[in-house]
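Only one structure is covered here, and it is reproduced in the block below.
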Amino acid sequence: MIEQQKEKFKYVEDDSDNAEKDYLIEEYEQKELDKLKEDESQKDVIDYKNLKFCIIYPFYRYKIYWDAFVIIILISSIILTPIDLGFPDIRDGSDEFNWIMYSIDLLFLSDLIFNFFSAYEDD
């Protein structure tokens, strides 16, 4: 686009010097570059006034913390599930182990509900 505008300025019949034409071209190029930079920077700006109350956006700090917490719970589930299946007598004799497994299931259920209200970024 800038190159097309350069061509327009090159073919303008004018009594001025080439230096003035070059200055006009450079000035126009700088304005176009500034517009492009402004447009690019506007993509990263978040308009907090237009955000919906019931939607959890991916850039929220608490969503990032929640996702990290879910990863920790997932790792504990990966470790505890084979123990539960391999040694069923532990589950039958220990209330603490049952509470841990049920609380993990409850956290995964809450994560499922939480994700119904989460937005995602479309690239």
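Just so it is clear, none of the values below were taken in a lab; they were calculated from the coordinates. Computed from a predicted structure; not experimentally measured. Quick reminder, even Gly has a Cβ in these numbers, built from the backbone with ideal geometry, and neighbours come from all protein chains shown.
Counting neighbouring Cβ atoms within 10 Å and putting the fewest first, the residues TRP66, TRP99 line up as TRP99, TRP66. Kirkwood radius and radius of gyration were both taken over the C-alpha atoms of segment 65-116, and their ratio Rg/Rh is 1.04.
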